[in-house]
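Beneath this line is the structure, given in C-alpha cells, with notes to follow.
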Amino acid sequence: MLLFTQGALITTSAALGPLGLDVLHYRTSDSGIAQILGTDLTATVLVAPLCVWIGRLAWRGDPAAPVLALAPAVFTVYVWTQLLVGNEFGRLPGNVEWFSPLLLAVVGVGVAVAVRASSALRRSTVPPWGRRLERATGILLLVVAAFVVVGIHLPSLVDALQEIPSGYAVLSTPNAFWVVKACDLGVVAPAAVVLASGLLRGRV
C-alpha cells in the first residue's frame, strides 16, 4: 500500500510542477527549473510505474519486493528533500511553501518504504554473495564515491570556499547549492564508503 501511495504522491507533485499544470512554483533559477523538469519527467515515466509494479510484487509476497523497493524510496527521499529545502526563500519568487505538506508527504512515505523494506530484508534469508562479487561491488562503490566527491563536487566546492566565488550555481542559488553538497558529501558518499568497506571485508 505504501508503494502505491508513493507512486501517487510523486505523480501528483510532478503534475502540479513545471512539467504539468505549473501551479507549484519552485524558488530557484532557470537552470534549477530545467533540472526539476528532468526530475519530474523521470519520476512520472519511470519511478511512479516502478512503484506500482513493485507494490504488486509486494502484495503477492514476492521475496524480491523489499530490495527492489529501496530504489524508488531512496530516489524520492533524496530528490524531494532537495525540492523541499533547497529553495531560495526570500530571494526568488515562488509559492513552493504552500505545497510543503505534499513534498513532506513524499519524503515521509519514501522513508517509511525504506524502513519497511530494510526490516523485511533483515527478516528474510538472503542468498550469500560470492567473495568475488562482494569485492567487485565494494570497489565499484568506492569508485562511485570518489567520482561524487572529486569529479562532481570538489571543483565547485573549492570555488565556493574562495573569498569571491565565481561559480554560477553558488551565486544564483546558494541554498540549493549547499543542500546538494550536504546530501552528496554528507550522506551519499560516506554511505557508499561504509557499505564498500563492509563488502570488501566480507561483513555485509
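Any read-out appearing in this document is the output of simple, stated calculations on the displayed coordinates, not a laboratory observation. Here the structure is a predicted model, which means the values were calculated and not measured. Because the Cβ atoms are built from the backbone with ideal geometry, glycine has one as well, and the counts that use them run over all protein chains shown.
What to note about this one:
- Filtering region 63-105 to residues that are among the polar types (S, T, N, Q) and assigned to a helix (DSSP H, G or I) leaves THR76, THR81, GLN82, SER100.
- Residue in region 36-43 that is outside any loop (DSSP other than H, G, I, E, B), in contact with a Gly (Cβ under 7 Å, 6 or more places away or on another chain) and more than 30 Å from ARG122 (Cβ to Cβ) present: yes
- Restricting attention to region 141-182, the residues being touching a residue at least 12 places away in the same chain (Cβ under 8 Å) and over 22 Å from the mean Cα position of the chain (by Cα) number 3.
- Qualifying residue in region 120-140 (condition: within 20 Å of the chain's Cα centre (by Cα) and farther than 22 Å from VAL179 by Cβ): yes
- For region 1-35, a residue qualifies if it is of a type outside the set (A, V, I, L, M, F, W, C), part of a helix (DSSP H, G or I) and within 18 Å of the chain's Cα centre (by Cα), and the qualifying residues are THR5, GLN6, GLY7, THR11, THR12, SER13, GLY32, GLN35.
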